[in-house]
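Note sheet for the following structure.
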Amino acid sequence: MTVEAQKETRGFQTEVKQLLHLMIHSLYSNKEIFLRELISNASDASDKLRFAALADNSLYENDGELRIRIMFDKEAGTVTIDDNGIGMSRDDVVEHLGTIAKSGTAEFLKNMSGDQKKDSQLIGQFGVGFYSAFIVADRVEVISRRAGLAADQAVHWESAGEGEFTVTNTTKESRGTQIILHLKQEEKEFADGWKLRSLVKKYSDHIAFAVEMQKDTPALDEEEKEEGAEKAAPAAPEFEKVNDATALWTIPRNELKDEDYIEFYKHIGHDFQDPVTWSHNKVEGKLEYTSLLYVPGRAPYDLYNREAPRGLKLYVQRVFIMDDAEQFLPLYLRFIKGVLDSNDLSLNVSREILQADRNVESMKSALTKRVLDMLAKLASSEPEKYAAFWKEFGQVIKEGPAEDYANREKILKLMRFASTTSGNQQSVTLDDYIGRMKEGQEKIYYITAESHAAGSGSPHLEIFRKKGLEVLVLSDRIDEWMMSYVHEYAGKSFQDVTKGALDLGAIEDEADKKHKEEASKTYESLLAQVKELLKEKVEDVRVTNRLTDSPACLVVGERDMGAQMRRIMAAAGQAMPEVKPVFELNPDHPLVKRLNEEQNVERANDLTWVLFDQAALAGGESLKEPATFVSRLNKLLLELSR
Ligand code: ADP
Ligand code: MG
């Protein structure tokens, strides 16, 4: 006996312990999903064997008929799931059934609150997998042999799900994995043929492999039993297929129900919640492929982790090739899950080959359109569902205009914005906005800010309020960066209201223009004087008609980086070239009038500085010398009270 064969006891990784604990407590009302998860794993293992056998046919070991078997023993209170898939080596078992490979799990688990309702949603988003066995079992045994290894290289794993497991070497004639669930006292009802069959039908009808169960033998009455006992040992049990066993995506759409699609999603998506929508298409022509694309209900916890696996499950002529084939969708659609089955790719395709294949490029662009159309359809037919989708994934969609220039217009159509009309909710479409444009309005006005409150309270919006013009208020971190890639929509150009000279086009009436010209004359010397005082800080000083209530504001150049972007870059440690803004004064504001009349030079200077600092503050910036601002302000306040 080798040292390895000896029984070894190991502790689960901390994260596994936490997950197990949470799962057992929060998935109590969904306990039957354990069967789907274990069948799903058996199906994955069968897929993997088929793939490996493409290169090495001997792995079939003369048993090429892949199937999953479910057995049960009422008396013993056990349910067994048996597959002849790829199997696991001792190392595989220790790694896969003792740790969680996904990075960021520990951090994710920290978000758990102990509130069962909330946590079960979080767990759902994480995917429950193998460990769900412990929802119904207080002891789980796994006996597995990796395809290609000798019979005595099999492994026996066992755990009560309480922090430890044991591994021992063992012997297993057939390759694959057998999972024996020793049901908890109160879960014994699962050791029942009728129950198990109905669960297989409900959850695993359309996986690609046969799920078989022991044939029902008619119940024997007492007398027959006695007689039977005298007869020879019963023959080996006969099995029959209980599911449809046709890969779902190969079935015509009109033969499938919503529930079929939903259950299949849970199998391939490793998700426990329902998808929001899906799109199933068979493409024939120059390229032949079938795609089934799903929009998940929730963003995964690692959506912004660049290393997180993403992409479609790739099949070539019904043979599983790889998970997470990321070459078929752009990054901003990385949350889409699904299956792609191609007839054109070769069975020995690799990630490297995919990268260079020109067919892949054209499939990618077709699939991208498909997803964008599916989202557009969701938006128009089920706006509430779409609103929930936008909340989860809107930030990722906003990466789209930069990444996918060709589809910019379609992506913009999918966007939802907050505005001065809608309030804090991101609910306004660009089409809504354009529909509400005032006569003579040519541009789509927007402001970017740190928060919705800061944006909608900005002095720059005063003239827009006065004229009844809607302004989009963009306060997501990504917004200003995104807008640098967005120039127009439906022939209308975008205008950042904090940038450049205000040009309201035809909306500005003659009286407005005239008033501004006159004010420029009246204030000519004041403007020069202020400019001289602030020359280190500002590019120019001018009068404006964009303000109604505020005395002054700061405006950056049309091509300069806006305040929000500068803050983000600075926070990321980027050195920023200094941008001098234009200081604009409201000629009708009493403080500006007062400044114009002020004879005392020192007081005029103080007032100028206070107005300048105020404008910076109102624009969401922080002051370099806040104490100086406060003391100047207090000095003015004291003079006022005298
Ligand atoms: P997931 O299926 O999302 O990877 P699971 O928790 O369901 O996560 O399973 C963990 C891992 O354990 C699988 O990725 C696989 O490597 C291994 N595994 C589980 N069940 C089987 C099985 N029946 N045959 C082979 N490997 C398995
Ligand atoms: Mg799984």
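The values are calculated or read from the model by the stated rules, or taken from the named source; none is laboratory data. A quick note: this is a predicted structure, and the numbers were derived from the prediction, not measured. Note: ideal-geometry Cβ built from the backbone for every residue, glycine included; neighbour counts use all protein chains shown. Side chains are part of the model used for accessible areas, which takes the heavy atoms of the whole protein and leaves out ligands, DNA and RNA. Shrake-Rupley method; radii C 1.70, N 1.55, O 1.52, S 1.80 Å.
How much net charge surrounds residue 287 when only the other residues with a Cβ under 15 Å from the Cβ of residue 287 are counted, with Lys and Arg +1 and Asp and Glu -1?
Values: positive: 282, 286, 358, 364, 369, 370; negative: 284, 288, 341, 344, 357, 361.
Here the charged neighbours net out to 0.
Can you pull the semi-axes for the chain, root of five times each eigenvalue of the Cα gyration tensor, sorted largest first, whole Å? Let's see the in-between values first.
On the way: eigenvalues 891, 141, 91 Å².
Over the Cα atoms of the chain, the ellipsoid semi-axes are 67, 27, 21 Å.
Rounded to the nearest 0.05, what FRET efficiency is calculated for residue 439 and residue 17 with R0 set to 60 Å and r the Cβ-Cβ distance?
Working: r = 66 Å, r/R0 = 1.10.
That pair, residue 439 with residue 17, gives E of 0.35.
State, to one decimal in nm, how far the label point of residue 570 lies from the label point of residue 466, with both points 7 Å from Cα in the Cβ direction.
Each label point lies 7 Å from its Cα, and together they span 3.0 nm.
If R₀ is 30 angstrom, what is the calculated FRET efficiency for the pair residue 287 and residue 260, using the beta carbon separation as r and rounding to 0.05? Walk me through the numbers before you get to the answer.
On the way: r = 26 Å, r/R0 = 0.87.
E(calc), rounded to 0.05, equals 0.70.
With point charges of +1 on the Cβ of Lys and Arg and -1 on the Cβ of Asp and Glu, referenced to the Cα centre of the range 282-418, which listed residue (314, 289, 301) lies farthest in the positive direction of the dipole?
Checking the options against the dipole of the range 282-418, the answer is 301.
With n ≥ 4 as the cut-off for DSSP H runs, can you work out [θ] at 222 nm for the chain, using -39500 (n - 2.57) per run divided by the number of residues, rounded to the nearest 500?
-11500 deg cm²/dmol
Using +1 at the C-beta of Lys and Arg and -1 at the C-beta of Asp and Glu, which of 612, 333, 401 has the Cα lying farthest in the positive direction of the dipole of the chain?
Value computed over the given set: 612.
Mind grabbing the accessible area of residue 351 for me, 1.4 Å probe, Å², rounded to tens?
About 90 Å², rounded to the nearest 10.
Where nothing but the Cβ of Lys and Arg (+1) and of Asp and Glu (-1) is charged, how large is the charge dipole of the range 42-102 around its Cα centre, in debye to the nearest 20?
Dipole magnitude for the range 42-102 comes out near 180 debye.
Subtract the Cα-Cα distance of residue 431 and residue 65 from 0.36 nm times their separation in residues, and report this length gain in nm to one decimal.
Difference between extended and current length: 126.2 nm.
Tell me, what ³J(HN,Hα) does each residue in the range 592-606 have, in order and in whole Hz, if you take phi through Karplus 6.51 cos²θ - 1.76 cosθ + 1.60 with θ = phi - 60° and put x for Gly and Pro?
6, 4, 4, 4, 5, 8, 5, 8, 6, 4, 4, 5, 4, 5, 4
Normalising by the residue count of the range 522-617, find the relative contact order in percent from Cα pairs under 8 Å and 6+ residues apart.
37 percent
I'd like to know which of 600, 573, 561 lies farthest towards the positive end of the charge dipole of the range 553-602, counting +1 on Cβ of Lys and Arg and -1 on Cβ of Asp and Glu.
573
About the Cα centre of the range 1-54, how large is the charge dipole given +1 on each Lys and Arg Cβ and -1 on each Asp and Glu Cβ? Please answer in debye to the nearest 20.
In total the dipole reaches around 60 debye.
How much accessible surface does residue 326 have with a 1.4 Å probe, in Å² rounded to 10?
Result for residue 326: roughly 60 Å² accessible.
Please work out the average accessible area per residue across the chain, using the 1.4 Å probe convention, and give it in Å². Provide the component values of the computation, followed by the final result.
Details: 31780 Å² over 642 residues.
On a per-residue basis, 50 Å².
Ignoring everything but the protein chains, give the 1.4 Å probe accessible area of residue 565 in square angstrom, nearest 10.
30 Å²
Using the Cα centre of the chain as the reference point, and only Cβ charges (+1 on K/R, -1 on D/E), how large is the resulting charge dipole? Debye, rounded to the nearest 20.
2100 debye
What is the percent carbon and sulfur in the accessible area of the chain, measuring with a 1.4 Å probe over the protein chains and ignoring ligands?
Looking at the chain in its full context, I get 48 percent from C and S.
Over the chain, what is the percentage of antiparallel beta bridges among all DSSP beta bridges, to the nearest 5? Intermediate results must be reported in sequence, preceding the final value.
Values: 65 of 84 bridges.
Within the chain, antiparallel bridges account for around 75 percent of the total.
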